[in-house]
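The structure appears right after this line, and notes come after that.
The values are calculated or read from the model by the stated rules, or taken from the named source; none is laboratory data. The model shown is predicted, which means the values in this text are computed figures rather than measured ones. In this analysis, Cβ positions are derived from the backbone assuming ideal geometry, glycine residues included, and neighbour counts consider all displayed protein chains.
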Amino acid sequence: MSIYRKAVNNPVTTALIFIAFMIFGIFSLAKTSIAQFPEFDANVIMVMSSYPGANAADIETNLTKVLENALNGVEDLKELTSRSKENISLLTLEFEYGTDIDEATNNVRDKLDMVNSVLPDGATAPVIFKFSADDMPIMLLSAQANESLPGLEKILDDKLATPLARIPGVGTVNVIGAPTREIHVYCDPNKLQSYGLSVSTIAQIIAAENRNLPSGNIDIGSETYTLRVQKEFTDPSELLDVVVGATNGRAVYLRDVATVGDGSKEREQESYTNGVRAARITIQKQTGANTVNVIRKVKKELVKIQRNLPSDVNVSIIIDSSENIINTINTLKETIIITFLVVMLVVFIFLGSWKSTGIIVLSIPIALLASLVYLFATGNTLNIISMSALSIAIGMVVDDAIVVLENVSTHLARGEKPKEAAVHGTSEVGISVIASTLTMLCVFLPLTMINGMAGIMFKQLGWIVSIIMIVSTTAALTLVPMLCSIMLKPNDKHGKLHQKFFGPIDRFLEMISNGYARIIGWATTHRKAVIFTSLGIFVATVGLIAPGLKTEFFPRGDDGRLSVSIELPMGTAQDVTRDVAERIYEDTKAAIPELKIYNYSFGQADTDNTFANMQNNGTHVISININLGSVSTRDRSTAEIADQLRGILRRYPEIRKANVTEGGMGSMGGASSVKVEVYGYSFEDTDAVAKELQAQMLEDPTFSQVLLSRDEYTPEYQMDFDRTKLALNGLNSSTAGAAFSAAMSGTLSSYYREDGDEYDIRVRYAPEFRTSIEDMENIVVNNAFGRPVRMKELGNVVETLVPPTIERKDRERMITVTGVVSRGSALSEAVASAQKIIDATDIPSNVTPVIAGDYEDQQDMFSDLIVLIILIIILVYMVMASQFESFMSPFVIMFSVPFAAVGVLIGLAVTGTALGAMGMIGIIILLGIVVKNGIVLIDYTILCRERGMGVIEASVTAAKSRLRPILMTTLTTVLGMLPMAIGTGEGSEMWHSLGMTVCWGLSISTLVTLILIPSVYCVFATRSERRKQKKS
Amino acid sequence: MKAVFIAYNQAYNEEIVELLEANGQRGFTRWDETSGRGSVDGEPHLGNHAWPTQNHAILTMVEDDKVAGILADLKKADEQSKDLGLRAFVWNIEMFC
């Protein structure tokens, strides 16, 4: 018994099977997390090794080169870049996407083991660490306080960071910018000298005085007592009474030579939110945790935490990476619902019956929910790609059901019993329904097999659409006939209202069908005219539009976030930086009313704060995080505001480098950038070329910001001791150096304990004695004979320049010029102008500029996708050829493919969109859809001929009879894509081009092919007819 | 005793057997999915791409007095839905065992 009859005869089982699918789907929907993009493994491994004392060039030759040579041969390595700076060599190995990173790590470790013995003595063993997008903070909080400010760090540490870190999924919680308590002992060098003391002796004495010692036990009578010496300071003021020496038989107290302060660290990162000093809390998630889920839990916990905090401490959210994700997914949900309604309406208008419409659209939720089971089973998320896939599929899943239902209705009209009509109606079209699904699978299954970035992005799309197509075909062949047999009646009577509404629609469609048949009648007799006009259209569009075609990688998103990194000249004092930062804030606040939250921080990061240390930091670096709120709440785009901010920053002459990045931390979808990598060994030559390129690119309107990767030579002071003088004083570089550093940066003598927390006690010169070069030269060190000597007697302070970090890529020195593509320009335009600038620049023969960055990735992905397109075209042709058992018919149908390209080109030109990765996916999808119309048309033409009609008569009859189903399936697909193409919600930029390419490509190709294909078919068919006649 | 040969669209399926039963006719021989074409008009039932429908055929040996009833019922069924196609032919049985 056929599957159709089984389904019709067992309606309960059939219904229950699909209900089970839906229940699993709903369960999966509830359990599937949401995310921005499909998850992918990190593809970057870093190798760090240090060689203390070596300068950048030494590191490069002795360490970096050795490591690079060893690691260059690691499997699947895509790019090897390195940075050599003083003491440290840092190699970054970027692997092909999809590489098993654990295996890669093992390979790297093996290679490192081999070279370990060749590394210079004194270099540390290289350390491997993996870095992925998961390491980026997912949330930034800001805590403001008034009265509690001095104790804020402790409060946040105890009451905020610790409970938050306990939440499952939360990785680390860092508090930056809150004042850190420190007890400082500020010595007066003159007094120290007169009492014959030094900073280090004072530090030793304090350490010795600040002790608790367990001293064993004593038995007294029948009791045993423990013994302790308890002399730790219980109050910082006790320090003042410490005896640090004796002079003329009188004790010298600490208060005689120093002051003691209980305050905050001198140099630390300061963070301000909306102009008020506040701590910044960064939250990282654990690798593999879901951002949205983690943040949801954090927010829940924050409500509780806020209750326990002192009333003046106010915690606000600066950046919440889940917000954009949730909004984007919600936009997609809306899009899916709208698409569903649109498709339902189209089906209803064409069929004029609620029952039929109901039967057909029922396959949408079934297929969609079934695909969610896949997402859940494979541990994937609901993200932009998977949700777009659902939306794309809606318009296509109904096609099969429409074909089946239409044929069942024909059988019913003939007077068959509903059950029999359902079985026979389905079995007649079964093969062609399966064939058309196969052509779609030819398009979508190869998507699941591609590698690289495209693979990560579009694997899910491929699977989801494939699953949806398979499920919907199954439903069309079982559930639809079953429902038809139950719900459809042979002669459904319609009311007057129905007639009033559908009468005109019917007449209109009839009119179009007749008109179309007449056009085909004309076209098939004027084949040459039709074919040459079509060819003309094709050549004209390709010739006119294709050369000016703009391309991009990913569209520019708008998530309302800006991150800015500003570098003032190296060595700018923190006070100056603070002043500049405040002025920038005031200017920005005045100029940009959209500001929701503006957080900035600056200063040297604490050594124990890993995340802050990985970022560029220092007293001269200001980092700003701006939250502009969701797109719907403002008129201007993030890009526009970014440009304005760049303009504001340009007005500050003291800013050496300002980098305004759209899209917060590490998220995709900001502005594209063009990187020109200038390779060459000589610093001077590459610097000159890079600067020239930077200057030229800045003048070009396609770039809004151009930065160089290499820092300049930075000034520093060195204490240069004279070894002979040191020896005369019985000192050496280490002892003298220690005294120098003790005076300037202080000695951590011991800890002051209070309430279970430890605070540093730092002894150093009072601030007023370390402000100038003279002060440094006047630092006193006691020589081996106990006599005080000044630094200037031992050597002198010299100003030198530190060479910049040496960057290398693929074992060659380079410097990168990064240009951010301006608003309204496409990546391809920026690349073209960069190329023009490079060509126009006089470049020495030892320097080679190469364009890389997003452009390189885009080219990689495009070439992957183009190979895929060719493969898909061949596969689709093969499926059709086997369905028609002919090489000619599918060849005729393939004529619709170039016109899909024409449609896409026109669409891109009309809307001024650039062709990006999403657009390419649109084109790939089109390959499957555009041939469907041709299949329907040619299949029926062949059928008419088999029934004995002539070639032209068959074409006209087929055209007349098939126009309606073709219009219906095309409209469901085009209108189903429309909400994607014109939606305006948050994140919609991402899929605009996808919807747009499909809409335009399918519309234009349908219009052209409806006329062209019958004409081309006639040409081939008459020729083969003639050949047959000749033979006979 | 007459032989009645009925060729009918497969959409009738069990209906014809039921019709025979209603007329008190138990025995029959059926061929499923046969192809054929009418002499005058109507769609051919060839089970191919052009004419996808197919026929069933029944040969049944009927007592003389039941033939008229069966034929009348068959005619009624045919007239109800002319597009499907149903034909019955009757001839004499010479001998049987």
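Test each condition in (1) within 20 Å of B:Glu21 (Cβ to Cβ); (2) touching a residue at least 60 places away in the same chain (Cβ under 8 Å) for B:His56 and report the one that comes out false.
(2) is the only condition that B:His56 fails.
Only one of these conditions is not met by B:Trp51: (1) more than 12 Å from B:Gln25 (Cβ to Cβ); (2) more than 11 Å from chain A (Cβ to nearest Cβ); (3) surrounded by 14 or more Cβ atoms within 10 Å (Cβ to Cβ). Which number is it?
(2)
Of all residues being in contact with a Pro (Cβ under 7 Å, 6 or more places away or on another chain) and closer than 16 Å to A:Leu927 by Cα in the range A:876-893, which is surrounded by the most Cβ atoms within 10 Å (Cβ to Cβ)? Just the residue, please.
A:Met880
Name the helices (runs of 4 or more DSSP H) wholly inside the range A:474-553 in which the number of residues that are within 19 Å of A:Thr1006 (Cβ to Cβ) is 2 or more.
Ranges flagged: A:496-525, A:527-545.
Quick check, is B:Ala22 at the interface with chain A (Cβ under 10 Å from one of its Cβ atoms) and modelled with pLDDT under 95?
So B:Ala22 does not fit the description; no.
In the range A:51-61, what count of residues is obtained for those that are crowded, with 19+ Cβ neighbours inside 10 Å and of a type outside the set (D, E, K, R)?
Adding up the residues that qualify gives 4.
Anything in the range A:456-481 that is surrounded by fewer than 20 Cβ atoms within 10 Å (Cβ to Cβ) and touching a residue at least 40 places away in the same chain (Cβ under 8 Å)? List them, or say none.
Listed by number, the list holds a single entry, A:Ile456.
Would the range A:922-935 turn up any residue that is within 14 Å of chain B (Cβ to nearest Cβ) and in contact (Cβ under 8 Å) with a residue 60 or more places away in the chain?
yes
Conditions first: (1) in contact with a helix residue (DSSP H, G or I) (Cβ under 8 Å, 6 or more places away or on another chain); (2) over 30 Å from B:Glu43 (Cβ atoms); (3) not acidic (Asp, Glu). A:Ile434 passes all but one, so which condition is the exception?
(2)
Against the conditions (1) closer than 30 Å to A:Ser833 by Cβ; (2) surrounded by 15 or more Cβ atoms within 10 Å (Cβ to Cβ); (3) among the aliphatic types (A, V, I, L, M), where does A:Val867 fall short? Just the number, please.
Answer for A:Val867: the failing condition is (2).
For A:Lys159, state whether it is under 17 Å from A:Lys300 (Cα atoms) and either in contact (Cβ under 8 Å) with a residue 40 or more places away in the chain or within 40 Å of the chain's Cα centre (by Cα) (or both).
It is true that A:Lys159 is under 17 Å from A:Lys300 (Cα atoms) and either in contact (Cβ under 8 Å) with a residue 40 or more places away in the chain or within 40 Å of the chain's Cα centre (by Cα) (or both).
Can you pull out the residues in the range A:412-428 that are farther than 13 Å from A:Arg5 by Cα, within 7 Å of another protein chain (Cβ to nearest Cβ) and not basic (Lys, Arg)?
Result: A:Gly415, A:Glu416.
Scan the range A:313-350 for residues that are buried (at least 20 other Cβ atoms within 10 Å of the Cβ) and either without any contact (Cβ under 8 Å) to a residue 24 or more places away in the chain or among the polar types (S, T, N, Q) (or both) and report the count.
Within the range A:313-350, residues that are buried (at least 20 other Cβ atoms within 10 Å of the Cβ) and either without any contact (Cβ under 8 Å) to a residue 24 or more places away in the chain or among the polar types (S, T, N, Q) (or both) number 7.
Look at the range A:608-639 and say how many of its residues are loosely packed, with under 15 Cβ neighbours inside 10 Å, at pLDDT 80 or above and in a helix (DSSP H, G or I).
Here the count works out to 1.
Quick check on my filter: what residues within the range A:306-323 are assigned to a helix (DSSP H, G or I) and touching a strand residue (DSSP E or B) at 6+ places or on another chain (Cβ under 8 Å)?
Within the range A:306-323, A:Gln306, A:Ser321, A:Ser322 meet the criteria.
Go over the candidates B:Ile6, B:Ile93 one by one and state the one that is buried (at least 17 other Cβ atoms within 10 Å of the Cβ), in contact with a Lys or Arg (Cβ under 8 Å, 6 or more places away or on another chain) and away from chain A (no Cβ under 12 Å).
B:Ile6
Which of the residues belonging to the range A:363-382 are under 26 Å from the mean Cα position of the chain (by Cα), surrounded by 22 or more Cβ atoms within 10 Å (Cβ to Cβ) and not aliphatic (A, V, I, L, M)?
A:Ser371, A:Thr381
Report whether or not A:Ser432 is in contact with a Phe, Trp or Tyr (Cβ under 7 Å, 6 or more places away or on another chain) and within 14 Å of chain B (Cβ to nearest Cβ).
No.
Against the conditions (1) modelled with pLDDT of 80 or more; (2) part of a loop (DSSP other than H, G, I, E, B); (3) surrounded by fewer than 17 Cβ atoms within 10 Å (Cβ to Cβ), where does A:Gln36 fall short? Just the number, please.
The failed condition is (3).
For a quick check of your reading: which strands (runs of 3 or more DSSP E) sit entirely within the range A:729-842 and have at least 3 residues that are buried (at least 19 other Cβ atoms within 10 Å of the Cβ), in contact with a helix residue (DSSP H, G or I) (Cβ under 7 Å, 6 or more places away or on another chain) and of a type in the set (Ser, Thr, Tyr)?
A:747-754
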